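Heads up: the structure comes next, in structure tokens.
The values are calculated or read from the model by the stated rules, or taken from the named source; none is laboratory data. Everything quoted here is computed from the prediction, not taken from an experiment. Positions of Cβ are backbone-derived with ideal geometry, glycine not excepted, and every protein chain shown enters the neighbour counts. Just so you know, the surface numbers come from the protein's heavy atoms only, side chains and all, with ligands and any DNA or RNA stripped out. Shrake-Rupley method; radii C 1.70, N 1.55, O 1.52, S 1.80 Å.
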Amino acid sequence: MRDIVLALAVPLLICASGSYAACDVWWRRRHPAPDPHSHAGRRLAAERAVADAEAIVADRYAILAEAERSAARGSADSSRAGRSLPAGE
């Protein structure tokens with residue numbers, strides 16, 4: 001009896017693995033994964049990189065503008081502080 005089970009197990013295993021492989025191929029053809037190296041993938045990555053760079057540049061310009069305003073206020077305050085009041089006041 002063991003010989004019959006062993007003899008039938010091998011072909012059954014081969015048929016099961018073949019069926020699994022056929023179903024896997026069918027599934028992958030119906031539901032393909034997006035290719036990260038496609039033209040659209042590269043375009044989307046480039047757009048994301050440009051958007052990130054624009055955000056960085058805009059942030060740096062805002063910091064620079066704030067520093068310039070701060071420096072302008074500081075120089076105006078220091079120029080007023082250096083003046084002496086007229087003798088009559």
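A few notes on this one:
- Only one of P86, P34, P11 that is modelled with pLDDT of 85 or more and surrounded by fewer than 10 Cβ atoms within 10 Å (Cβ to Cβ): P11
- In the set R60, R42, R69, R48, only one residue is among the basic types (K, R), modelled with pLDDT under 90 and open to solvent by 90 Å² or more (accessible area, probe 1.4 Å); that residue is R42.
- Total residues in the range 14-31, condition open to solvent by less than 70 Å² (accessible area, probe 1.4 Å) and not small (G, A, S): 1
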